1. Taking the range 300-325 as the region of interest, how many residues are in a helix (DSSP H, G or I) and of a type outside the set (F, W, Y)?
2. Mind listing whichever residues of the range 38-69 are over 16 Å from G174 (Cβ atoms) and either in a helix (DSSP H, G or I) or open to solvent by 30 Å² or more (accessible area, probe 1.4 Å) (or both)?
3. Residue by residue through the range 168-179, note down the ones that are buried (at least 22 other Cβ atoms within 10 Å of the Cβ) and either touching a Pro at 6+ places or on another chain (Cβ under 9 Å) or under 12 Å from R38 (Cβ atoms) (or both).
4. Among (1) at pLDDT below 90; (2) open to solvent by 50 Å² or more (accessible area, probe 1.4 Å); (3) in contact with a strand residue (DSSP E or B) (Cβ under 9 Å, 6 or more places away or on another chain), there is one condition K119 misses while meeting the rest; what is its number?
5. Filter the range 108-137 down to the residues that are in contact with a Pro (Cβ under 9 Å, 6 or more places away or on another chain), in contact (Cβ under 8 Å) with a residue 12 or more places away in the chain and under 20 Å from P87 (Cα atoms) and list them by number.
6. Specify the residue that is nearest to G139 (Cα to Cα); the eligible residues are those in the range 171-209 that are modelled with pLDDT of 90 or more and touching a Lys or Arg at 6+ places or on another chain (Cβ under 7 Å).
7. When you go through (1) closer than 19 Å to S170 by Cα; (2) buried (at least 16 other Cβ atoms within 10 Å of the Cβ) one by one for H82, which number turns out not to apply?
Amino acid sequence: MNSNKICFSRRASHLVAALLTAFAVGFGACPNAVAQDRQAIAGTSVSLVAPKGFTPATGFAGLANQATQASVLIMEMPAVAHPQLVPLFSDMATAKTNFAKQNIAIASIDEVATTGGDKAPVISGTQTAGGARLDKWIGLFKGEKTVMVTVQAPKAAALGHATVLALMSSVSLGKEPTLAERLAALPFTLTPAEPFRVIDTIAGSGVLMTAGELNTDPAGKQPLLIVAYQLSVPAAASTLEATAEATLRQTRDYRTAKITARERIRFAGTDGLLLSGTFDHANGTTKRFVQYMAFDPKGRFVRMIASADDASFEKLQPTIAAIAGSVAFAAGK
């Protein structure tokens, strides 16, 4: 069986969960908006026509309306993810059960005809997050990549269902961008260092690296390094220390991580925090980790988390530190 298929059969629902959690706060909508020209989403294969007022987002792959806090988020995954995500978008009972885990109440499943002539499912409902009630729509599209398009808005904004379905119908999937193009679209910069190599970017706001022969590692044997621009602060977190720990606890496999050291450092060109410790991986082994996190004066924050087994971690520490030292917020974003 193809290793990519193995990986996504175990991770597809977790990718959906991560997407819905990360972008569940801070976005509104513009009611009765007029459509504007087609816009290409930097770093993705997607172009679409959104309501007037949407401009390229600076912290993720998509569009945002700064005046109304509306959002259109694009997440691309390998093509093998599509058949495994289809059940979440085609059966009401399955959709309700799975999306309820992210506090989303599914109300309907529609199908739209896209500009390419294909059909795409769109689920809609409401989500409660951070004390806010949001209207939410998620469309699933098939191209060179599996694409999810998420639109969300505060309940009071009354973004029309028909308006969002029209946006979904306008989605067009073109040629997959190169890795260099995807990296250039990120809201931060960094310099990879061997033996780590870049595998892919994540929703235009993160980058995934590993060290080892495998590009997909369902058994979790290889070292892993992720750098991500965070779009929202956990509701109960008001300081860097609280935010760093709360965000760590929300990360899969790290909910019961043992933090053994906390250190104030410089990260991403500003004051940051380094957490170190161990966690029990889903494969049954205990791994070591470090998490770097920092806010900048504009209120943006970025974190880097790296993990490996004990023996590998010792050898990789200088490289991990070097990559952390290269992370910086991208100018103008």
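The values are calculated or read from the model by the stated rules, or taken from the named source; none is laboratory data. Owing to the predicted nature of the structure, the values given are computational and were not obtained by experimental measurement. Every residue, glycine as well, gets a Cβ built from its backbone with ideal geometry; the counts of neighbours run over all protein chains shown. All accessible areas refer to the heavy atoms of the entire protein, side chains included, with ligands and DNA or RNA removed. Shrake-Rupley method; radii C 1.70, N 1.55, O 1.52, S 1.80 Å.
1. 15
2. K52, G53, T55, P56, T58, Q66, A67, T68, Q69
3. V171
4. With (1) at pLDDT below 90; (2) open to solvent by 50 Å² or more (accessible area, probe 1.4 Å); (3) in contact with a strand residue (DSSP E or B) (Cβ under 9 Å, 6 or more places away or on another chain) applied to K119, the lone miss is (1).
5. I109, D110, V112, listed by residue number.
6. The residue in question is T201.
7. Result: H82 passes all but (1).
The rows are residues; the columns are (1) at pLDDT 85 or above; (2) more than 25 Å from A228 (Cα to Cα).
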{"residue": "D37", "(1), (2)": "no, yes"}
{"residue": "A50", "(1), (2)": "yes, yes"}
{"residue": "F60", "(1), (2)": "yes, no"}
{"residue": "A64", "(1), (2)": "yes, no"}
{"residue": "V72", "(1), (2)": "yes, no"}
{"residue": "T94", "(1), (2)": "yes, yes"}
{"residue": "A105", "(1), (2)": "yes, yes"}
{"residue": "I109", "(1), (2)": "yes, yes"}
{"residue": "T126", "(1), (2)": "yes, yes"}
